[in-house]
Amino acid sequence: MTVALDVINTAREEVGYHEGREDGDWNNIQKYAPAVPGLEWAQGEAWCHTFVSWCFQEAGAVDLAPVTASCWEGVQWFQDRDRYTDYPVIGGIVYFGAGGGSHTGIVVAYTDDEITTVEGNTNSNGSAEGDGVYLKTRPRHSSYIHGYGIPDYPEGVVLADPEWRGRSGITFFGHEASTDDIPAGDEGADHGRDRGNSGFEPFPGEAWFRDAPNSPIITAMGRRLVEEGCSAYREGPGPQWTSADRESFRKWQRKIGDAPHECDGWPGPLQWAALKVPRTTA
C-alpha cells in the first residue's frame, strides 16, 4: 500500500467519529489532540487540523505534513516549501477561508466540479466548527477554497495543477482523479519513470504513430480509450492506426485536461503514461 493511500484510509476509517458532549453541547473534546506529540495543549480547541496531523502521524507520514492545530500555520508550512497550489491533490490537504485559516481536510477525489474530502470538526452542513469527522463533497471552484498543500509522497503525487506537469514523481489529471490513480508503491523509487516491466506499454514515440503503424499496441490503446469513454470508433478498434484512433486520443487529451492547443490527437509520453495501455505480445 502507498503512503498516500495509508493517509486517506486512516482518515476514512474515522468517518462517523464524534467529539464529546457536555450539558447538551458539543465541546471539542476528542481523541486526536492528546495522541499527537506537541498538540496536547489543543484539547478542547477547534480540531480540524489536529485531525489532519493525526492522520499523517498514524500513517507513518508525520514528516509530510505540518504538525499543528492552526490552519494558517499549515498553509505557511506548505508555502515555505513551494508545495502549495490552487488545484486539487489526491491525498493533499485542502485549506478553506481567508488565508486558508478557517478549516481544512484531506482530499480523496476530485472531478471537474467537485472535491471529495474527509474533514474533522465539521458537520453535515460543512461547518468549520462542527461535531465530528465527515466525508464531504464540496464545489471545486468555490471561493471558500483557498488552496491545497502537496505532501511529498514517496510514490509520487496525483494532482490537477498544469504547472506541475512533467515534474519528477507527478501524475497529472486535470479533470478528475481518485485513489485509483495513485501510483503503485514500488514505482516511487523511479519517480514516475517508465521502467519497462511495469505491465504497461512504454511510449513508442510520436514518430511511430505518425508512420501509421499496424500493431497490437494500437488495438490495446483503442480498447483503453473506449474504456475511458473517449471512443470515436465506428468499428474496432483494430491494429491499424487510423483517423478514428487519432480522434479518440484527442478526446483523451481533453479528458485529462490538456491545453486546447495540445489536443492534437498525437500521443505524447505523459498522455500515454496516464492512459496505462496494458502490455501486448508485440
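Of the candidates Gly257, Gly236, the single residue that is surrounded by 15 or more Cβ atoms within 10 Å (Cβ to Cβ) and over 21 Å from Asp112 (Cα atoms) is Gly236. Filter the stretch 229-282 down to the residues that are within 25 Å of the chain's Cα centre (by Cα) and among the acidic types (Asp, Glu), then identify the one that is nearest to Ile182 (Cα to Cα). Among those that are within 25 Å of the chain's Cα centre (by Cα) and among the acidic types (Asp, Glu), it is Asp258. Residues in the stretch 128-143 that are more than 12 Å from Gly105 (Cβ to Cβ) and in a loop (DSSP other than H, G, I, E, B): Glu129, Asp131, Arg140, His141, Ser142, Ser143. Would you confirm whether or not the stretch 209-231 contains a residue that is under 23 Å from Gly174 (Cβ atoms) and in contact with a strand residue (DSSP E or B) (Cβ under 6 Å, 6 or more places away or on another chain)? No; the residues of the stretch 209-231 include none that is under 23 Å from Gly174 (Cβ atoms) and in contact with a strand residue (DSSP E or B) (Cβ under 6 Å, 6 or more places away or on another chain). Taking Gly238 as meeting all but one of (1) in a loop (DSSP other than H, G, I, E, B); (2) within 15 Å of Thr171 (Cα to Cα); (3) at pLDDT 90 or above, write down the number of the exception. For Gly238, the exception is condition (2). Among the residues of the stretch 202-215, those identified as open to solvent by 20 Å² or more (accessible area, probe 1.4 Å) and either within 16 Å of Thr280 (Cα to Cα) or touching a residue at least 60 places away in the same chain (Cβ under 8 Å) (or both) are Pro202, Phe203, Pro204, Glu206, Asn214.
Looking for something open to solvent by 60 Å² or more (accessible area, probe 1.4 Å) and in contact (Cβ under 8 Å) with a residue 40 or more places away in the chain - is there at least one such residue anywhere in the stretch 216-223? Yes, the stretch 216-223 contains a residue that is open to solvent by 60 Å² or more (accessible area, probe 1.4 Å) and in contact (Cβ under 8 Å) with a residue 40 or more places away in the chain. Could you say which residue among Gly74, Gly91, Gly99 is under 18 Å from the mean Cα position of the chain (by Cα), at pLDDT 95 or above and among the small types (Gly, Ala, Ser)? Selected residue: Gly91, the only one of Gly74, Gly91, Gly99 that is under 18 Å from the mean Cα position of the chain (by Cα), at pLDDT 95 or above and among the small types (Gly, Ala, Ser). The residue of the stretch 260-282 that is surrounded by the most Cβ atoms within 10 Å (Cβ to Cβ), among those that are assigned to a loop (DSSP other than H, G, I, E, B) and aliphatic (A, V, I, L, M), is Val277. For Ser248, the criteria (1) open to solvent by less than 10 Å² (accessible area, probe 1.4 Å); (2) touching a residue at least 60 places away in the same chain (Cβ under 8 Å); (3) of a type in the set (Ser, Thr, Tyr) hold in every case but one, which is (2).
Elements of the type helices (runs of 4 or more DSSP H) sitting completely within the stretch 1-113 and holding at least 3 residues that are touching a residue at least 40 places away in the same chain (Cβ under 8 Å) and crowded, with 19+ Cβ neighbours inside 10 Å: these cover 3-12, 48-58, 71-80.
Against the numbered list (1) modelled with pLDDT under 95; (2) in contact with a strand residue (DSSP E or B) (Cβ under 6 Å, 6 or more places away or on another chain); (3) not aromatic (Phe, Trp, Tyr), Arg21 comes up short only at (2). The set of residues in the stretch 114-128 that are β-branched (Val, Ile, Thr) and open to solvent by 10 Å² or more (accessible area, probe 1.4 Å) contains only Thr116.
The values are calculated or read from the model by the stated rules, or taken from the named source; none is laboratory data. Because the structure is a prediction, the values reported are computed rather than measured. A quick note on method: Cβ atoms are made from the backbone with ideal geometry, for glycine too, and the neighbour counts reach across all protein chains shown. Each accessible area value is taken on the protein alone, full model and side chains, heavy atoms only, with ligands, DNA and RNA left out. Shrake-Rupley method; radii C 1.70, N 1.55, O 1.52, S 1.80 Å.
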